[in-house]
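The values are calculated or read from the model by the stated rules, or taken from the named source; none is laboratory data. Remember, it's a predicted structure, so these values are computed and weren't measured experimentally. Backbone-built Cβ (ideal geometry, glycine too); neighbour counts: all protein chains shown. Ligands, DNA and RNA are excluded from the accessible area calculation, which covers all protein heavy atoms including side chains. Shrake-Rupley method; radii C 1.70, N 1.55, O 1.52, S 1.80 Å.
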Amino acid sequence: MHASPAAPFLSGVIEGFYGPTWSRAERIELLDLMSAWGLNTYLQGPKDDIHHRAAWRIPYPHEEASELRSLAREAGARGVQIAHGFGPGLDIRYSDPADLDAAVARFVQARSMGVSIFVLLFDDIPDQMHAEDVARWGTLARAQAAFANAVLDALSGHAPARMLFCPTPYCGRMAMRAHGGPGYLQQLGADLAPAIDVFWTGPEIVSHEITPRHIDEVASWLRRPPLLWDNLHANDYDGRRFHCGPYSGRPHGLRPRLRGVLSNPNTEFPLNFPGLHSLSAWLRSAGDWDERASYLEAIRAWLPRFEGWKQPMPEEDLVLLGDCFYLPGTEGAMAVQLRDQLRDVLAMPPDRWGPEATMVRARLARLRDACARIADLRDRRMFAAWSRRAWELREEADLLVKFLGWNLDPATRGQPFQSDFHQPLTYRGGMVPSLQNLLAMQPDGTFGPCTPAVPTP
Ligand code: GDL
């Protein structure tokens, strides 16, 4: 099933993650980049905007409303459309006319601010309904489709409106587990107005790969091509990581099977340049996709933002740093190589270490120093976005450099090693690491108690 040529293909960015919302300056910068890169849609739906979920019934107060109005104006001037969405699913009563009115009122307000695409988001909610909704609709899919159709009808009174919808099961794994109830997606496909586009994140919430076959199956359930909500570069689920690798794991054959591709990227805005640069290149490319080349090109374009007070960041160092924060499923080539070399060296007793131990120590020291250089950046927002992660990486690299040095020195080799900068309880301490040490994840994704449990100092 291919997208109707009448529906313009949506390409762009979703501010749809958990955590602090982007600032006005960041949103304007995003619009500038999107317009330069030919991306046409920005969806504003940050989970932790209080009017997004908890207070969804309450229209934007004056300040937020005028902010949205000015953003829509700035977007229009750059040829970008603004989509605005909220998630009523935490406490909605599907059969309460007051809730329908509240949803319509939110969109009428957004339209008066210049928004042209309206988005109902039913992701990340319990798949239960109130008793009166069950009595009236029977299933969640029926209730949500009827609600969305009624909102679309109400909005279309003035002029045709474009609407997007995020279902409660929005990836293959949730569908397999029958989240939302058995047959949810097929029911939604049958009931939802054909003009409404439906979001999908792939086989998983964060999908490392998405195949045309998978999309074809989803399209047959939904009776329309899905709209990709791509969490490849999202990082709100892990405070220690971010993703600046290339657009990856999506073959070209996907594009004609989709209504669009919108990336829901890293929470820290400045970290999104390479991923979005690469996504826009993928969208423009003719099928000859080389993701590593796209990453290197994006890093070159990003480099000017890494000017330091004392010295410039060498391109090679930024490639290596980026490789350490690449994609959810893999680190980049230089990071993988460095880690594998380290693992090989550490697997041998120090008295058998050869020149590769000295070499890997030098490369690690370079990584450590590149991390330290982040503190020196002229762009302080970039520094703030990198800071905690670069610091943590620097700590680990520094420890390993010291350990290798100790064991490369014949005077100390093989003797107990300690670092004055890595103290028990301070280093790797805290509740989160101690909980992480209780359950181990196997390569197949199953969990079991760590045996023996890693001792708490
Ligand atoms: C999700 C949430 C999204 C979040 C992402 C990554 C969708 C449709 N919803 O499940 O808000 O940022 O995971 O954690 O993806």
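Under 5 Å between amide H atoms, partner at least 5 residues away or on a different chain: which partners does GLY260 have, H built in plane at 1.01 Å?
Correct list: LEU10, LEU228.
Compute the distance from the alpha-carbon center of the stretch 106-138 to that of the stretch 20-99, in whole Å.
Value for the Cα centre distance between the two parts: 15 Å.
Let me know the charge dipole size of the chain about its Cα centre in debye, to the nearest 20, where only the beta-carbon of Lys, Arg (+1) and Asp, Glu (-1) is charged.
For the chain, the charge dipole is close to 340 debye.
So, in Å, what gap is there between the alpha-carbon centers of the stretch 216-259 and the stretch 405-449?
35
For the stretch 15-24, in order, what is each residue's ³J(HN,Hα) by Karplus, 6.51 cos²θ - 1.76 cosθ + 1.60 with θ = phi - 60°, in whole Hz (x at glycine and Pro)?
8, x, 9, 7, x, x, 7, 6, 7, 4
Counting only protein chains, not ligands or nucleic acids, how are LYS402, LYS47 ordered by accessible area (probe 1.4 Å), most first?
LYS402, LYS47
For the stretch 141-251, just the Cα set please: Rg and Dmax, both in angstrom.
So, for the stretch 141-251, Rg and Dmax equal 15.4, 47 Å respectively.
Taking N as the number of residues in the stretch 315-415, what value does Rg over Cα atoms divided by 2.2 N^0.38 Å take?
Against the compact-globule rule of thumb, the ratio is 1.16.
Does anyone have the angle between helix 97-112 and the longest principal axis of the chain? Alpha-carbon axes, 0 to 90°, nearest 10?
Computed tilt is about 70 degrees.
Give me the net charge for the shell around ASP96: Cβ to Cβ below 13 angstrom, other residues only, Lys and Arg +1, Asp and Glu -1.
-2
I'd like the orientation of helix 355-373 relative to the chain: the angle between its Cα long axis and the longest Cα principal axis, in ° from 0 to 90, rounded to 10.
Result, in degrees: 50.
Please work out the Cα center distance from the stretch 264-290 to the stretch 304-377, rounded to the nearest Å.
So the separation of the two Cα centres works out to 23 Å.
With every protein chain present, what accessible area does MET334 have (1.4 Å probe, heavy atoms only), rounded to the nearest 10 Å²?
MET334 exposes around 50 Å² with every protein chain in place.
Accessible area of the stretch 254-396 with a 1.4 Å probe: how many percent of it is carbon plus sulfur?
Of the solvent-accessible surface of the stretch 254-396, carbon and sulfur hold 54 percent.
Counting only protein chains, not ligands or nucleic acids, how are ARG78, ARG428, ARG27 ordered by accessible area (probe 1.4 Å), most first?
Largest to smallest exposure gives the sequence ARG428, ARG78, ARG27.
Which value in deg cm²/dmol, rounded to the nearest 500, describes the helix-derived mean residue ellipticity at 222 nm for the chain, given -39,500 (n - 2.57) per DSSP H run of n ≥ 4 and division by the residue count?
Roughly -13500 deg cm²/dmol at 222 nm, from the helical runs in the chain.
Is the shape of the stretch 129-198 best called rounded, prolate or oblate, per the rule: a/c under 1.5 gives rounded, else a/b larger than b/c gives prolate, else oblate, with a ≥ b ≥ c the square roots of the Cα gyration tensor eigenvalues?
oblate
Using only Cα atoms, what is the ratio of the radius of gyration of the chain to 2.2 N^0.38 Å?
1.10
Counting Lys and Arg as +1 and Asp and Glu as -1, each charge on the Cβ, what is the dipole of the stretch 315-415 about the Cα centre in debye, to the nearest 20?
Value, rounded to 20: 260 debye.
At 1.4 Å probe size, with no ligands or nucleic acids counted, give the accessible surface of VAL108 in Å², nearest ten.
60
Any idea what angle helix 273-284 forms with the longest principal axis of the chain, computed on alpha-carbon atoms, 0 to 90 degrees, nearest 10?
It works out to around 60 degrees.
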